[in-house]
1. Label segment A:8-69 by shape, choosing from rounded, prolate and oblate, from the square roots a ≥ b ≥ c of the eigenvalues of the Cα gyration tensor; if a/c is under 1.5 it is rounded, and otherwise prolate applies when a/b is larger than b/c, oblate when it is not.
2. Quantify, in whole percent, the carbon and sulfur part of the accessible surface of segment B:17-89 (1.4 Å probe; protein heavy atoms only).
3. Considering only DSSP beta bridges with both partners in segment B:32-100, what is the antiparallel share in %, to the nearest 5?
4. Nearest-5 percent of antiparallel DSSP beta bridges in chain A?
5. What list of ³J(HN,Hα) couplings, whole Hz, do you get for segment A:56-72 from phi and the Karplus terms 6.51, -1.76, 1.60, once you set θ to phi - 60° and write x for glycine and proline?
6. Provide the net charge surrounding A:Phe28, with neighbours chosen by a C-beta distance below 14 Å and charges set as Lys +1, Arg +1, Asp -1, Glu -1.
7. If you find the alpha carbon centre of segment A:80-97 and of segment B:44-113, how far apart are they in angstrom?
8. Which entries in A:Lys64/B:Lys71; A:Lys64/B:Lys57; B:Lys17/B:Lys57; A:Lys14/A:Lys64 show an alpha-carbon gap greater than 32 Å?
Amino acid sequence: GAVVSQHPSRVICKSGTSVKIECRSLDFQATTMFWYRQFPKQSLMLMATSNEGSKATYEQGVEKDKFLINHASLTLSTLTVTSAHPEDSSFYICSLRSNTEAFFGQGTRLTVV
Amino acid sequence: KNQVEQSPQSLIILEGKNCTLQCNYTVSPFSNLRWYKQDTGRGPVSLTIMTFSENTKSNGRYTATLDADTKQSSLHITASQLSDSASYICVVGPYSSASKIIFGSGTRLSIRP
């Protein structure tokens, strides 16, 4: 089955800096990838849908200028958290789907200090 | 409104005991229902997937049931082990490469020695 590789697994950055998270599909080509955010003891919340070769679709309330998504190839999508603030500290997870199954990356724990 | 509700929110049991987690949904149209296990600080990993016509499906010590008429599913864990400590998430929705899926808030299961 498909394997999703997400890096880094955890990152600590200073306020005001930017952080890039990579999500790679290792086993099949994904025209669509999904980015989620998860706060402690809560479920996954969809942030945006990443579309290969076109602009991402953002969920209501998610700032597209703050969470930059690039899906330049069928195997790689990146999420860049720009000008990070402590409230951006969270667990970020990418996902891709076949027709019947959803696969998730290992997640990235972002801590902004 | 499409919703997935899980109960209990958290559960503590002794190692070796059995437990049952519940999932009620109002998602329509319904294609399939999946249970995921999410270890702390990791992405969700699929346990079972059930389609509309399936009532029961097992994966080792995990057995999922589905009642499409009452829109209820359960996940039964037999002879629990310490490694079963995790969050269990019920996910419902039509699966295609770009459609949205609905996540339950999860049940946090703790196994005590």
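1. Rounded shape, in that the Cα axes give a/c under 1.5.
2. Details: 1610 of 3330 Å².
About 48 percent, which is the carbon plus sulfur part of the accessible surface.
3. Details: 23 of 23 bridges.
Expressed as a percentage, antiparallel bridges in segment B:32-100 total about 100.
4. Numbers: 35 of 39 bridges.
Percentage antiparallel, nearest 5: 90.
5. 6, 9, 9, 6, 4, x, 9, 7, 5, 7, 8, 10, 7, 10, 10, 10, 7
6. Values: positive: A:Arg24, A:Arg97; negative: A:Asp27, A:Glu52, A:Glu101.
For residues surrounding A:Phe28, the net value is -1.
7. The distance from the Cα centre of segment A:80-97 to that of segment B:44-113 comes to 26 Å.
8. Check vs 32 Å cut-off fails for A:Lys64/B:Lys71; A:Lys64/B:Lys57.
The values are calculated or read from the model by the stated rules, or taken from the named source; none is laboratory data. These numbers come from a predicted model, not from an experiment. Neighbour counts run over all protein chains shown; Cβ positions are idealised from the backbone, glycine included. The accessibility values were calculated without ligands, DNA or RNA, using every heavy atom of the protein model including side chains. Shrake-Rupley method; radii C 1.70, N 1.55, O 1.52, S 1.80 Å.
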